[in-house]
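We did not get these values from a lab; they are worked out from the coordinates using the rules stated. Since the model is a prediction, treat every value here as computed from it, not as a measurement. Positions of Cβ are backbone-derived with ideal geometry, glycine not excepted, and every protein chain shown enters the neighbour counts.
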Ligand SMILES: *Cc1c(COP(=O)(O)O)cnc(C)c1O
């Protein structure tokens, strides 16, 4: 990777260094990574408990700060229990292989995040993929294949991270009931942005603490039986060191802020909708609005043009998105001002790009 590539990737990730630009490239939707209560909790945990957890959870590293974080997560998501992992990726590659094996099938939305598809492959279950958000295609695949397998897990996302649209959870739940499957949703871009009930229809909710929660780590929420099983069967939990205490404390403090400041949580979606209302497209369904430009060159040129006008917007290219769908991915955050949103929309309109 060239330095320019690495730098543009740093920029795409919203890493500080892009001085003076207004970033629409960060998943820190609520700005909680810098919230005073979050910093205070992290600092205190660091001083009290040190920098590292010291061991994996089952081998003596089950840090005292994990249980209260898990209780807060379970409460927030309205589930019996939660289990915290080292990252969202680790939660996925721990959970799916713990739930499904050779005799089972996993039916995943084609646009599911790479960690879900890798996790599905790792599980040694048969992996089938349905066309993005096509409940009809999912049904056809179930009709043709369900009978050959013991258990079946349907996998989707509450909000798709590169498209900003929502998974069709209610319809997929109806399919899951009809065909005796579990339904899992990845909540990475929904936590803190959409009401927690948005993922209600899923049996299993998987997510990350690295986006709106502003910290790091992953989690799975669900029934007590499910979580108790994962805690003994998920290999990424058993064989990997637990979260640093300060990271767990930061995530817990962020959840407290989510509970205490419901008005804050409404802002990213409201900002995205202010933006889409200024353009011709559909109203935003989440904090993410893509502008599809097809070729990598056009997407990179668009990102460079926006940068020259003071905006940091990531150009997302294959393999993160399908071939010929390179795009700008605009991520709205609570802190964006109406004028900034208006100016960005004006440039997009002036360039004739379509959301
Ligand atoms: C970011 C993301 C993950 C991975 O979470 P990390 O905590 O960053 O490993 C998983 N799924 C989706 C949909 C994501 O956007």
ask   = Could you give the Stokes-Einstein D for the stretch 87-173 in µm² per second, using the C-alpha Kirkwood radius, 20 °C, 1.002 mPa s?
value = 165 µm²/s
query = Computed over the Cα atoms of the stretch 230-355, what is the ratio Rg over Rh, Rh following Kirkwood?
reply = 1.10
note = In whole µm²/s, the translational diffusion coefficient that Stokes-Einstein assigns to the stretch 25-71, given a Kirkwood hydrodynamic radius over C-alpha pairs, 20 °C and 1.002 mPa s, equals 171 µm²/s
query = In terms of the Cα gyration tensor, with a ≥ b ≥ c the square roots of its eigenvalues, is the chain rounded because a/c is under 1.5, prolate because a/b exceeds b/c, or oblate?
reply = oblate
message = How compact is the stretch 125-182 by the rule of thumb for globular proteins, expressed as Cα Rg over 2.2 N^0.38 Å?
response = 1.11
inquiry  = Ratio of alpha-carbon Rg to the 2.2 N^0.38 Å globular estimate for the stretch 148-272, to two decimals, please.
reply    = 1.14
key: Considering only the stretch 130-254, percent of DSSP beta bridges that pair antiparallel, nearest 5   = 40 percent
task = Arrange the following residues from fewest to most other Cβ atoms within 10 Å of their Cβ: 118, 163.
result = 118, 163
note = Mean-square fluctuation maximum in Gaussian network of the chain, Cα pairs under 10 Å, restricted to 89, 182, 229, hits 229
query = Label-point separation (nm) for residue 279 and residue 323, each offset 7 Å from Cα along Cα-to-Cβ?
reply = 2.6 nm
remark   = Rounded to the nearest 5, the percent of DSSP beta bridges in the stretch 39-182 running antiparallel is 10 percent
message = What FRET efficiency comes out for residue 180 versus residue 102 if R0 is 22 angstrom and r is the Cβ-Cβ distance? Round to the nearest 0.05.
response = 0.75
query = For the residues 200, 34, what sequence is obtained by ranking on other C-beta atoms within 10 Å, fewest first?
reply = 34, 200
query = When DSSP assigns beta bridges and you keep just the ones with both residues in the chain, what percent turn out antiparallel, to the nearest 5?
reply = 50 percent
request  = With runs of 4+ DSSP H residues as the only contributors, calculate the mean residue ellipticity of the chain at 222 nm using -39,500 (n - 2.57) per run, divided by the residue total and rounded to the nearest 500.
outcome  = -12500 deg cm²/dmol
request  = Evaluate the relative contact order of the stretch 38-171 (contact order divided by residue number), counting alpha-carbon pairs under 8 angstrom at least 6 apart; express in whole percent.
outcome  = 18 percent
